[in-house]
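The values are calculated or read from the model by the stated rules, or taken from the named source; none is laboratory data. This is a predicted model, so every value here is computed, not measured. Cβ placement follows ideal geometry from the backbone for every residue including glycine, while neighbour counts extend to all protein chains displayed.
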Amino acid sequence: MQDPMKQKEFTSRLQHVVGEDGVILNPVDQEFYVNDWLGKAHGRTVAVVRPRNTAEVSAIMRLCHQSQTPVVPQGGNTGMSGGATPDMRGAQVVLSLSRMKRIHEVDPVNNTLTADAGVILADIQKSARDVGRYFPLSLGAEGSCTIGGNLATNAGGTGVLRYGNTRDLTLGLEVVLPDGRIWNGLRGLRKDNTGYDLKDLFIGSEGSLGIITGVVLKLFAAPAGRISAWVGAQQLSHVVTLLNRLQSTCGPRLSAFEMMCAPSLALVTQFLDGHASPLQNSYPYYALIELADTNMAGLQEMLQDALSSAIEDNLIDDCVVAMSEAQSLAMWRLREGISMAQVKAGKAVKHDIALPISSLATFVKEADQTVFNSFPDLPIINFGHIGDGNLHYNVLLPLDVAPTHYKEITTELNKRIHDLVAQFNGSISAEHGVGTLRRDELRRYKSSVEMDLLISIKRALDPNQIMNPGKLL
């Protein structure tokens, strides 16, 4: 849309739909919406439009459909793959759902919560707590990410081991299609065999098929409390064996199992104030374990007995069980601080990957050797949600690395690590999405049949290709 007169008419029509305060035209005021929070993806836009309800989203999409204007849907703009950033041509509209913040219903009997897509994740969690229920999706960005963005990327987080990804936590959706039609699938049903499960098309689609505007989420009984423990081990294979043992002895009470290597913990204690290892000695690997239940009776003894047995069997070398909520929170701050510590320490070449849990130890051994062979001086920052097979396998470069050198190393390492992931039947994007970051790599690792199916679905729902173009596919 290069014609100034047509652009002025278009933005005027947008203002008619959402009001002048709902359209941002000033480039300075658009800054937040056209740059990702990592500072890696940058773009320009015709306008940032902020609807207040589904009817306004529908009217915007009809207008964009008629004018063939590309649309970039955006939630809290906390993504890490460039999926919510417009390109540099300045021809795309950013459609922000940040003003759609209503929680419509919390039903503790049906164990469901119905909300707009722009509701902040932390507010979803609080609304569940207010009625004695629990919504288990938990992310580092939960104070600013939106539930719509979580759905669009099928976000994971620390609770996947017990509760599943966002897809598993969703019963119904409301979606505005590229031509402005509204599909109302806001049904709080756990059984519905009346055709294709349409919601699963849109969950994880990264805004490439339509705009999620509403959701019905599953709620759960609120845990009475949690018990956390920190363990140190010599080998990753021992950590995996411990996970398997805890799953057998603790069952569904095992709610989280996080892993980090020694350099990951060292980054946090070095670059973030007020963080210290719970153990006196250092070990190659650490695990943060959490048990939770609606009945706390015997929970601490169960965890202590399991860890004592693991020490006797030489699976772990040391452990500490949190004796207070403050100690538990301190352990979680260590795990959650890794990403921020990386930013302060250097520039990370990131790999958000998923593997069969049984293959994790062998994969890491081969990946470590692969990195060492080419870049023996670069530290490997390996951490993740080992309970569901999701690793954040990163390689840290110095802060002052030249941009061209960083790009060259990133390209080489991505190919080597992702090729290895493919050999182990893993995924090159576990929870951050594809966006623009992994889009070109997707064709390398997807079969031609799978790519044909994905492209066919895209063409069927978005024949004019106006939904988040250049992302995912």
- Can you tell me which residue in segment 122-144 is surrounded by the fewest Cβ atoms within 10 Å (Cβ to Cβ), limited to those that are of a type in the set (A, V, I, L, M, F, W, C) and more than 19 Å from the chain's Cα centre (by Cα)? V131
- Note on the structure: Across (1) closer than 20 Å to L217 by Cβ; (2) more than 24 Å from the chain's Cα centre (by Cα), V28 clears everything bar (1)
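Kindly indicate which of I357, I417 is more than 26 Å from T78 (Cβ to Cβ) and of a type outside the set (D, E, K, R).
On the way: I417 fails: more than 26 Å from T78 (Cβ to Cβ).
None of the other options fit; the residue is I357.
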- Message: Among (1) surrounded by 24 or more Cβ atoms within 10 Å (Cβ to Cβ); (2) among the hydrophobic types (A, V, I, L, M, F, W, C); (3) within 23 Å of the chain's Cα centre (by Cα), there is one condition A233 misses while meeting the rest; what is its number?
- Response: (3)
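One line per residue, one yes/no per condition, for (1) under 22 Å from T166 (Cβ atoms); (2) at pLDDT 95 or above; (3) surrounded by fewer than 17 Cβ atoms within 10 Å (Cβ to Cβ):
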{"position": "A367", "(1), (2), (3)": "no, yes, no"}
{"position": "D377", "(1), (2), (3)": "no, no, yes"}
{"position": "L391", "(1), (2), (3)": "yes, yes, no"}
{"position": "K415", "(1), (2), (3)": "no, yes, yes"}
{"position": "L461", "(1), (2), (3)": "yes, yes, no"}
- Message: Given the options I357, I353, name the one that is surrounded by 20 or more Cβ atoms within 10 Å (Cβ to Cβ), at pLDDT 95 or above and touching a Gly at 6+ places or on another chain (Cβ under 7 Å).
- Response: I353
- Residue list for segment 145-198, filter: surrounded by fewer than 21 Cβ atoms within 10 Å (Cβ to Cβ) and in contact with a Leu (Cβ under 6 Å, 6 or more places away or on another chain): G172, G185, G188
- Query: Taking segment 152-187 as the search range and keeping residues that are out of contact with any His (no Cβ under 9 Å at 6 or more places or on another chain) and among the β-branched types (V, I, T), which one is farthest from R226 (Cα to Cα)?
  - Reply: I182
- Which members of segment 237-254 meet the condition of being in contact with a helix residue (DSSP H, G or I) (Cβ under 7 Å, 6 or more places away or on another chain) and either of a type in the set (G, A, S) or assigned by TED's automatic domain parsing to the domain that holds R162 (or both)? S237
- Of the residues Q74, Q125, Q68, which is touching a Leu at 6+ places or on another chain (Cβ under 9 Å) and either outside the structural domain of P178 (by TED's automatic domain parsing) or small (G, A, S) (or both)? Q74
- Within segment 137-185, can you find the residues that are of a type in the set (S, T, N, Q) and either farther than 28 Å from M340 by Cα or assigned to a loop (DSSP other than H, G, I, E, B) (or both)? S138, S144, T153, N154, T158, N165, T170, N184
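Taking into account only those residues within segment 248-289 that are of a type in the set (S, T, N, Q) and crowded, with 17+ Cβ neighbours inside 10 Å, which is nearest to G389 (Cα to Cα)?
The first filter runs over segment 248-289 and keeps only residues of a type in the set (S, T, N, Q), leaving 248-249, 255, 264, 269-270, 277, 280-282.
If we keep only those that are crowded, with 17+ Cβ neighbours inside 10 Å too, we end up with 255, 264, 277.
Details: S255: 14, S264: 18, S277: 24 Å.
Top of the filtered list is S255.
Somewhere in segment 422-434, is a residue on the phi < 0 side of the Ramachandran plot and without any contact (Cβ under 8 Å) to a residue 60 or more places away in the chain? Before the answer, list the steps.
Residues of segment 422-434 that are on the phi < 0 side of the Ramachandran plot, as a first pass: 422-424, 426-432, 434.
Then keep just the ones that are without any contact (Cβ under 8 Å) to a residue 60 or more places away in the chain; that gives 422-423.
For segment 422-434, residues on the phi < 0 side of the Ramachandran plot and without any contact (Cβ under 8 Å) to a residue 60 or more places away in the chain: present.
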- Note on the structure: The helices (runs of 4 or more DSSP H) lying entirely within segment 283-361 that contain at least 1 residues which are more than 30 Å from D377 (Cβ to Cβ) are 299-312, 325-336
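Tell me, please, whether a residue that is more than 19 Å from G75 (Cα to Cα) and not β-branched (V, I, T) can be found in segment 146-160.
Quick first cut of segment 146-160, residues more than 19 Å from G75 (Cα to Cα) only: 158-160.
Narrowing the set further to residues that are not β-branched (V, I, T) leaves 159.
Yes, because at least one residue in segment 146-160 is more than 19 Å from G75 (Cα to Cα) and not β-branched (V, I, T).
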- Message: Condition first: in contact with a Gly (Cβ under 6 Å, 6 or more places away or on another chain), in contact (Cβ under 8 Å) with a residue 40 or more places away in the chain, over 19 Å from L177 (Cα atoms) and part of a loop (DSSP other than H, G, I, E, B). Can you find one or more residues in segment 447-469 that meet it?
- Response: no
